[in-house]
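The structure appears below as structure tokens.
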Amino acid sequence: MFDSRNRYLLGADLGLDRVFVYKFDPSTGSLGASDQSSVQLAPGAGPRHVAFHPTLPLAFSINELSSTITSLSWDAAKGRLAAAGSVSSLPAGFSGENSTAEIAVHPNGRFLYGSNRGDDSIAIFRIDAAKGTLTSAGRVPTQGKTPRGFGVDPSGRFLVAGNQNSGTLVIFRIDQATGGLTPVGTPIEVPSPVSVVFAKR
């Protein structure tokens, strides 16, 4: 994931439980170590993907092995991350197997979404603009199995979830006040979807 200034590239390393920061030279496409090249997450967390907040100096890591999301403070001048607390992506009392996959911050910066494979849901969080902390705003079933990837459209009106093991795409309308998700239409059959990306036309 590139930062908004296109100066740094963040890479999540599941095996080392670290998020690495690389300097990026857009003229050559080359990468180099930043002043502080990585941030250590909790042992066994397994960071999978990272998302930046659109306006605040924050980033978030979704951690595949621990089913958590870690808030990260971001120093854009120095290319430096610092861990600032984690929350579970699962409901209280969940006892089955689960791993997380995709993460996205809503364009309005108020909500964050993460996918659970096992619970088969999209977890919804409110973002505290003052503290950068996350508060659960519920979970919505993806109407399929293994939601490995999803995407939020650039307008922030819809989220499209890809259920890998049931071969469907499901469209959800996003409530702009609460971040809640409501399914619309019927699931679309797509063989083993693993990622959803919106492209400008």
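Data for the structure
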| item | result |
| --- | --- |
| GNM flexibility winner over the chain from ALA12, ALA130, ALA45 (Cα, springs under 10 Å) | ALA130 |
| Net charge of Cβ neighbours under 13 Å - reference ALA84; Lys, Arg +1; Asp, Glu -1 | 0 |
| Neighbourhood net charge (12 Å Cβ-Cβ; Lys/Arg +1, Asp/Glu -1) for PRO154 | +2 |
| Interchain or long-range residues, amide H under 5 Å from PHE150's placed H | GLY162, VAL196 |
| Vicinal HN-Hα couplings computed from phi for the range 50-62 (Karplus, 6.51 cos²θ - 1.76 cosθ + 1.60; Hz; Gly/Pro x) | 10, 10, 8, 6, x, 10, 8, x, 9, 9, 9, 10, 9 |
| Karplus 3J(HN,Hα) series, Hz, for the range 9-17 with 6.51 cos²θ - 1.76 cosθ + 1.60 (x for Gly, Pro) | 10, 9, x, 8, 10, 4, x, 9, 6 |
| Among 183-191, 169-177, the order from most to least packed when residues are scored by Cβ within 10 Å on average | 169-177, 183-191 |
| In order through the range 176-190: 3J(HN,Hα) via Karplus (6.51 cos²θ - 1.76 cosθ + 1.60), integer Hz, x for Gly, Pro | 5, 8, 10, x, x, 10, 10, x, 10, x, 10, x, 9, 7, 9 |
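Here, each number is a calculation from the coordinates, and none is a lab measurement. Bear in mind that the values here come from a model prediction, so they are computed numbers and not experimental data. Every residue, glycine as well, gets a Cβ built from its backbone with ideal geometry; the counts of neighbours run over all protein chains shown.
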